[in-house]
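The values are calculated or read from the model by the stated rules, or taken from the named source; none is laboratory data. All figures in this text were calculated on a predicted structure; none of them were measured in a lab. Glycine also receives a Cβ, built like all others from the backbone with ideal geometry; neighbour counts cover every protein chain displayed. Ligands, DNA and RNA are excluded from the accessible area calculation, which covers all protein heavy atoms including side chains. Shrake-Rupley method; radii C 1.70, N 1.55, O 1.52, S 1.80 Å.
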Amino acid sequence: MSRTQKQADPLSAEDAPSDAAPAELAPITAMMSSRLMVLANFLKRGAILRYKRLAGLSSVEFGLVASLGRRPPMSVVRLAEAVGQDKGQISRALAGLVSRKLVDRRVNPRDNREVLVSLTRPGLAAHDAIVTGAQERNRRLLEQLDDDEVTMLLAHIERLTHKAEKMLALEKELG
């Protein structure tokens, strides 16, 4: 039976025979999604430590500074959507960034009900430190792979991401 056929009809824990071999019922930590989450968590934890050291930013703050980047001002609502976090959490983090003069907050001249945020000069310097740090971390992570392997890895990640988006949409429909 091919790998595709096995995946099409997975056994649930209740349906699995009691004498199933460990290879057939691998622990959840052996699954692709778990391995990718472990990798992502190591990368995130390293990034948090680096950006705290380089720019004095918390994980939420560095996400906001990175998302604001060198773009035109954006609304708090749009920023919250861009980073995938709650508007309240974003507002609290922005208040800290505003007080440290890394972010400027002003009323939208076209709609006085909306607040626009953008990076100040010190905020842009923090952003540039984040980008430089991210490029260095990315280079170090991938230095063990040749160009063809990097290309293949990125293509696989893109395919898996596309599939995961479809799976999420289905879960939302069923939810």
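Annotations for the structure displayed:
- Heavy-atom accessible surface of the chain, averaged per residue, reaches 76 Å², computed with a 1.4 Å probe.
- Antiparallel bridges, percent of DSSP beta bridges restricted to the chain (to nearest 5): 100 percent
- A straight Cα-to-Cα reach below 18 Å connects residue 172 with the lysines 163, residues fewer than 8 places away in its own chain not being considered.
- When a 1.4 Å probe is rolled over the protein heavy atoms, the share of accessible surface on segment 77-175 that falls to carbon and sulfur comes to 53 percent.
- Contact order relative to length of segment 59-108, as percent, for alpha carbon pairs under 8 angstrom and 6 or more apart: 33 percent
- For segment 78-175, the list of GluC sites (Glu not before Pro) that fall in a loop by DSSP and count at most 14 other C-beta atoms within 10 angstrom reads 143.
- C-alpha long axis of helix 121-142 to longest principal axis of the chain, angle in °: 20 degrees
- Given their separation in residues at 0.36 nm each and the Cα-Cα distance between them, residue 92 and residue 45 gain 14.8 nm when the chain is fully extended.
- Computed [θ] at 222 nm, helices only, for the chain once each DSSP H run of length n ≥ 4 contributes -39500 (n - 2.57): -21000 deg cm²/dmol
- Within the chain, the longest run free of exposed loop sites, counting trypsin sites (Lys or Arg not before Pro) that sit outside DSSP helix and strand states (H, G, I, E, B) and have at most 11 other Cβ atoms within 10 Å, spans 1-69.
- Backbone HN-Hα couplings from phi across segment 98-115 [Karplus 6.51/-1.76/1.60, Hz, Gly and Pro as x]: 5, 5, 8, 6, 9, 10, 9, 10, 8, 6, 5, x, 8, 8, 5, 7, 10, 9
- Axis angle, to the nearest 10 degrees, between helix 147-174 and the longest C-alpha principal axis of the chain: 90 degrees.
- Computed over segment 22-175: relative contact order in percent, which uses C-alpha pairs under 8 Å that are six or more apart: 19 percent
- Virtual spin-label span in nm between residue 29 and residue 134, 7 Å along Cα→Cβ: 3.1 nm
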